[in-house]
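The values are calculated or read from the model by the stated rules, or taken from the named source; none is laboratory data. Everything numeric here is computed off the predicted structure, so don't read it as measured data. Here the Cβ positions follow ideal geometry from the backbone for every residue, glycine too, while neighbour counts run over all protein chains shown.
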Protein chains: 2
Amino acid sequence: MGKRALEKEGKFLNYVKKMEAYDEALQLIYWDMRTGAPKKGLQQRSQVIGVLASEYFHMSTSEEMAAFIASLSGKKETLSSLGQKTLEECKKTYNQNIKIPPAEYKEYVILQAEAESVWEEARAKSDFEMFRPYLEKLVEFNKKFINYWGYSENKYDALLDLYEPGVTVKTIDKEFSALKKTIVPLVRNIADSGKKPSKDIFWGSIPIKNQKEFSLKILEQMGYDFQAGRLDETVHPFAIGLNPGDVRITTRYNQNDWRTAVFGTIHEGGHAIYEQNISQTLIGTPLCTGTSMGIHESQSLFYENIVARNRSFWVHNYHLLKSYANGQLDHVPLDDFYFAINEAKPSFIRIEADNLTYSLHIIIRYEIEKALFNDEVSVKDLPEMWNAKYEEYLGICPNNDAEGILQDVHWSSGSFGYFPSYALGYMYAAQMKHAMLQDLPSYDELLENGELLPIKKWLNEKIHQFGKTKKPLEIIQDVTGERLTADYLTRYLVDKYSALYAL
Amino acid sequence: MGKRALEKEGKFLNYVKKMEAYDEALQLIYWDMRTGAPKKGLQQRSQVIGVLASEYFHMSTSEEMAAFIASLSGKKETLSSLGQKTLEECKKTYNQNIKIPPAEYKEYVILQAEAESVWEEARAKSDFEMFRPYLEKLVEFNKKFINYWGYSENKYDALLDLYEPGVTVKTIDKEFSALKKTIVPLVRNIADSGKKPSKDIFWGSIPIKNQKEFSLKILEQMGYDFQAGRLDETVHPFAIGLNPGDVRITTRYNQNDWRTAVFGTIHEGGHAIYEQNISQTLIGTPLCTGTSMGIHESQSLFYENIVARNRSFWVHNYHLLKSYANGQLDHVPLDDFYFAINEAKPSFIRIEADNLTYSLHIIIRYEIEKALFNDEVSVKDLPEMWNAKYEEYLGICPNNDAEGILQDVHWSSGSFGYFPSYALGYMYAAQMKHAMLQDLPSYDELLENGELLPIKKWLNEKIHQFGKTKKPLEIIQDVTGERLTADYLTRYLVDKYSALYAL
């Protein structure tokens, strides 16, 4: 590599490093705002956010950035691998941001803020008509954005690409259809079986202090690094990666249902273990984060479902949980407990759904968004479409808009194309689990002994370390030797729920 | 005011607002680092600090800033009062920063970092010789800075001005000398009196939870606004103002001595109430902070000593404290308790000193620094000078360098001229108290009834609201109608300690 090329790459990487520093400061501000920043300081804090975010945005679309892209794109072969991948990422962001006329984008940002607060009120009043004009405008804006960005096969692909780069309608149609074909009859068979776990297992309260201590012990088993993170309490739990040495999680405690905190902590812990184990060499570049929403979700769901809702996991940990439960679980046999934490039952609200029906909630949203952006349905007809699909797939019909079309925050902030990531994540996780079994055939035995570290090590090596240097489908191909397929998830679900419900 | 002048001022204030936004982000990072940021993330976090601090420094000395100063200084009469004061502040910082050659400053920053870690080791080993070469270099650098900055009467004035703008050697010499003349014999008389509070009053432990609850109740009485702040725990307590709506404090709990947390919290609470009550109109300018170290200290000492070490304060609160003390104080009469929290007794370590002898610790440091920067003593002779002064003023001689010359962190970071602020703060506080009595003659009665809010209101109106728009001596003149004088502090000390020790 020539000296001049090296210098140019160095300057580019320094420029990017500065952007990432602004971003890390922003992330800390967001964390702080959600974990106890004093209310009266927030108005001025939002000015600070404005300055840092503008500076970041400005740098991502500046003439200087354009010059880096122009001069370095022509001679990629002279760049280091890190330089190349960073350039690609910056180019993508540049194109996304530069193509929307600034005045239009500003209008859109204002609309987003308005729409979110109208949505909150509309949901509280269960009144879709109130939210409809805002949703219509949000959809119109996104349709325009799609045209600015371009797409090859399906308009909706342009939105999917924002969250799950490289995954298209063609792929999702095929896999979601397979998923639907398995889950819909499975849910019906479960209902027909008349089998139900005992209801009173989770009644009675466990002190929050105990829930916290138990959660911390599980995080430790998982290999969450407390020297590189911390656990706080918030209403809406989340994981946030400031850098690989500082990945924080939060959880919510419900005195009357310990499952909220425990499975919530494990879920966020899965996200955090991903971010904690991204290669240090990627620090200071936009590559130093999870590669997509779906792959991120695959890691949280891996720990939450494939690990912590596995019977073997509780062979090791049920005794420990009992020791914190003030005698409440002492007379519940492990199998009853295991059945209860895996109950499957159709319900209206996505975020409260069980792990079998959850994917159906996602598929419904996917089908609606796809129809919307291909002009096959108009916003005013969405409640009807929503309710019909719930009836068809889950056998239940929402009583009102609040428990139907208005339940999710995503659309009010213009996040279209996001939902599929949740079900893709589950699919990725099941396919990864299958691959993991080749390397760790004693998987269940490890769980029974509380040995979760080999699992973490495998995920670190196969997935985490790469950050954003590998795209989602590339990860799946490299890890499993196959293309993405719903087969492993459908098999996993059929095996698990047939056994649970003795179908 | 012409439209063009208004526009120019607007641009300038916007520029400054951006600088302050970077600063607020930096303050949040500092707070986070001290209250529980994960260790492994700190290396990358210091990169973020580097980027933001460089940007701030760059903006304070940029050609753009120079152009603002040049074009606006000539037409001050066209500026708003806010614009004028902001310009003055920026000009001062500009001159301070621009006059030091960048290469020299860089060398100095590296030296600071090295010196601090060497100092830590030297103190642990009680070995001044180990630290001496670093101290010599730090002093040499500061002597050069003094020459760059200039001074009118005394070289040391240039350093004093960094922390207490407008206060000079001439003023301090006069007032410290009066202070010394009163305190030195007072301390001796106390020793001669043979009177001592009962030692066992503070033995026995109060649970940290109780100490915390009591501290929170006192903060509430003081009028610290919890919607604009929060209380955390750190090894070294501090108050930090991010903006007037977000001023956080920390405290340290010692299970075996509740005084650490309670008086520490009240002290930091005093700092915080200052910052919480700066006028909102100053937000986004460098004026939105306490005007000097000394005035800041006057507010913390006002609450810690003039309020919370007053007998009347405990007439109201002693019962409350007892209720948290598990019966330990039940048999201690109020007067014994009051005597014990005001014990005066010479000791070696400044930060553990009582409120009478504390000023002598400061005066010693002041005299040493003044001699140092006027070439009347060389670094190698400092331990001898230190020990002689402790012998002369306090009647005790340090046994080694660790409990003598090496005890403070300040010099290791090159902070010369800082120490006097502590004693000036006490002097300011006593002078303010005298003025307050004209407006609130029932001061002691208010304390006896736990009515601290009129005191806060008075401080808000007279001092806090102005932030940095008034200089320290201007505040004193405006609030008390007199120039700064040690008279009120000496009277306060003589009255208080004569009564306590029945002299």
Residues that are more than 30 Å from A:Glu9 (Cα to Cα) and either without any contact (Cβ under 8 Å) to a residue 24 or more places away in the chain or touching a Phe, Trp or Tyr at 6+ places or on another chain (Cβ under 8 Å) (or both): does the stretch A:72-90 have at least one? no
Name, by its number, the condition in (1) of a type in the set (Gly, Ala, Ser); (2) buried (at least 20 other Cβ atoms within 10 Å of the Cβ); (3) not in a loop (DSSP other than H, G, I, E, B) that does not hold for A:Ala344. (3)
Please determine, by comparing only the residues of the stretch B:1-32 that are more than 10 Å from every other protein chain (Cβ to nearest Cβ) and hydrophobic (A, V, I, L, M, F, W, C), which one is nearest to B:Thr234 (Cα to Cα). B:Val16
Taking the stretch A:447-456 and the residues there that are in a helix (DSSP H, G or I) and in contact (Cβ under 8 Å) with a residue 40 or more places away in the chain, the one that is farthest from A:Gln431 (Cα to Cα) would be A:Glu448
Unique match (being over 23 Å from the mean Cα position of the chain (by Cα), over 23 Å from B:Arg188 (Cα atoms) and modelled with pLDDT of 95 or more) among B:Asp408, B:Asp375: B:Asp375
Taking the criterion of being touching a residue at least 40 places away in the same chain (Cβ under 8 Å) and farther than 20 Å from A:Glu120 by Cβ, would at least one residue in the stretch A:405-418 satisfy it? yes
Considering only residues that are over 20 Å from B:Leu382 (Cα atoms) and surrounded by 17 or more Cβ atoms within 10 Å (Cβ to Cβ), which ones fall in the stretch B:133-148? B:Phe145, B:Ile146
Condition set outside any helix (DSSP H, G or I) and either surrounded by 15 or more Cβ atoms within 10 Å (Cβ to Cβ) or under 20 Å from the mean Cα position of the chain (by Cα) (or both), scope the stretch A:33-45, selection nearest to the other protein chains (Cβ to nearest Cβ): answer is A:Pro38
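Conditions (1) within 23 Å of A:Glu275 (Cβ to Cβ); (2) among the aliphatic types (A, V, I, L, M), marked per residue:
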{"position": "B:Phe12", "(1), (2)": "no, no"}
{"position": "B:Lys17", "(1), (2)": "no, no"}
{"position": "B:Glu24", "(1), (2)": "no, no"}
{"position": "B:Trp31", "(1), (2)": "yes, no"}
{"position": "B:Arg34", "(1), (2)": "no, no"}
{"position": "B:Pro38", "(1), (2)": "yes, no"}
{"position": "B:Leu42", "(1), (2)": "yes, yes"}
{"position": "B:Ser46", "(1), (2)": "yes, no"}
Selection status of B:Gly83, away from chain A (no Cβ under 14 Å) and either in contact with a helix residue (DSSP H, G or I) (Cβ under 8 Å, 6 or more places away or on another chain) or surrounded by 15 or more Cβ atoms within 10 Å (Cβ to Cβ) (or both): yes
If we scan the stretch B:189-201, do we find a residue that is within 14 Å of chain A (Cβ to nearest Cβ), in a helix (DSSP H, G or I) and not basic (Lys, Arg)? no
Being hydroxyl-bearing (Ser, Thr, Tyr), within 26 Å of A:Ile183 (Cα to Cα) and away from every other protein chain (no Cβ under 14 Å) narrows it down to one residue among A:Tyr318, A:Tyr358; which is it? A:Tyr358
Residues that are without any contact (Cβ under 8 Å) to a residue 12 or more places away in the chain and away from every other protein chain (no Cβ under 14 Å): which strands (runs of 3 or more DSSP E) entirely in the stretch B:213-271 hold 1 or more of them? none
Might you let me know whether the stretch A:187-203 holds any residue that is loosely packed, with under 15 Cβ neighbours inside 10 Å, of a type outside the set (Phe, Trp, Tyr) and on the phi > 0 side of the Ramachandran plot? yes
Determine which single condition A:Ser54 fails, assuming it passes every other condition in (1) small (Gly, Ala, Ser); (2) crowded, with 20+ Cβ neighbours inside 10 Å; (3) within 14 Å of chain B (Cβ to nearest Cβ). (2)
Collect the residues in the stretch A:382-416 that are over 24 Å from A:Ser117 (Cα atoms), among the aliphatic types (A, V, I, L, M) and in contact with a Ser or Thr (Cβ under 9 Å, 6 or more places away or on another chain), keeping them in residue-number order. A:Leu394, A:Ile396
Residues located in the stretch B:374-391, provided they are assigned to a helix (DSSP H, G or I) and either in contact (Cβ under 8 Å) with a residue 12 or more places away in the chain or not charged (D, E, K, R) (or both): B:Val379, B:Lys380, B:Leu382, B:Pro383, B:Met385, B:Trp386, B:Asn387, B:Ala388, B:Lys389, B:Tyr390
Scanning the stretch B:203-242 residue by residue, those closer than 23 Å to B:Gly290 by Cβ and basic (Lys, Arg) turn out to be B:Arg230
Looking at A:Thr485, A:Thr490, can you tell me which residue is part of a loop (DSSP other than H, G, I, E, B) and within 28 Å of A:Leu186 (Cβ to Cβ)? A:Thr485
Selection from the stretch A:274-289 of residues away from every other protein chain (no Cβ under 14 Å) and either charged (D, E, K, R) or surrounded by 24 or more Cβ atoms within 10 Å (Cβ to Cβ) (or both) yields A:Tyr274
Could you say which residue among B:Gln255, B:Gln221 is surrounded by fewer than 18 Cβ atoms within 10 Å (Cβ to Cβ) and not hydrophobic (A, V, I, L, M, F, W, C)? B:Gln255
